[in-house]
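The values are calculated or read from the model by the stated rules, or taken from the named source; none is laboratory data. The structure displayed is predicted, hence computed values, not measured ones. Here the Cβ positions follow ideal geometry from the backbone for every residue, glycine too, while neighbour counts run over all protein chains shown. Ligands, DNA and RNA are excluded from the accessible area calculation, which covers all protein heavy atoms including side chains. Shrake-Rupley method; radii C 1.70, N 1.55, O 1.52, S 1.80 Å.
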Amino acid sequence: MAPPLIAVLNGPNLNLLGTREPEKYGTATLDDVEALCAEAAEELGLAIDFRQTNSEGELITWVQECRGRAEGIVINPAGYSHTSVALMDALLAVGLPVIEVHITNIHRREEFRHHSYVSRAATGVIAGLGIGGYALALRAMAGMLEALAAAEDDSTQDEDA
Ligand code: DHK
């Protein structure tokens, strides 16, 4: 059986990781983040589709395309976390498990970063643990998918009984 596919989606300015405010975001690049995710996914028996865009519309289209294609979404919506009702709506519409990741602890930063629309659509949120948060998100996603599969098996057995 093919490994479950998890979309790992990254929003605006994350293409600048490594040079962008390194005192906050660290010195690892987005390629490093992708390599970290690929390593974690391999270990967890997941497949990933890792992407970044600076465009809100493209991010929303990618979320919509996850329906019927991916088993879950790990997303760092970056600045759109704090502004995008449309992104939140897309995540709610696809009805997949969602883990929101922030490299920094948004709650220790400016007031306007404390609220995330995306959190309303997220199963869980990881913030402030650096790029390691992505690997933690994939680990949590693998656990959630296992629990969902076990629950489905149970309900199938109940129906058969
Ligand atoms: C990344 C961004 O680009 C910011 O706009 C968010 C998030 C925080 C992060 O910590 O990964 O406020």
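Once the mean 1/r over all distinct Cα pairs of the chain is inverted, what Kirkwood radius in angstroms do you read off?
Taking the inverse mean of 1/r over all distinct Cα pairs, the chain comes out at 16.1 Å.
Based on the mean of other beta carbon atoms within 10 Å per residue, what is the order of 102-112, 73-83, most packed first?
73-83, 102-112
Name the shape class, rounded, prolate or oblate, that the alpha-carbon gyration tensor gives for region 101-161, where a ≥ b ≥ c are the square roots of its eigenvalues, rounded holds for a/c under 1.5, and otherwise prolate holds if a/b is larger than b/c and oblate otherwise.
oblate
Once fully extended, how much extra length lies between Thr123 and Glu110, figured as 0.36 nm per residue of separation less the alpha-carbon to alpha-carbon distance?
2.3 nm
Per residue, how large is the accessible surface of region 5-160? Use a 1.4 angstrom probe and give square angstrom.
Roughly 50 Å² per residue, with all protein chains present.
What is the distance in Å between the Cα centres of region 32-111 and region 112-133?
If we compute the Cα centre of each part, the gap is 10 Å.
What's the angle, to the nearest 10 degrees (0 to 90), between helix 56-65's Cα axis and the longest principal axis of the chain?
Around 10 degrees separate the two axes.
Just the Cα atoms of region 1-85, one point each, no solvent: what log10 I(q)/I(0) does Debye give at q = 0.20, 0.25 Å⁻¹?
Values returned for q = 0.20, 0.25 Å⁻¹ are -0.96, -1.25.
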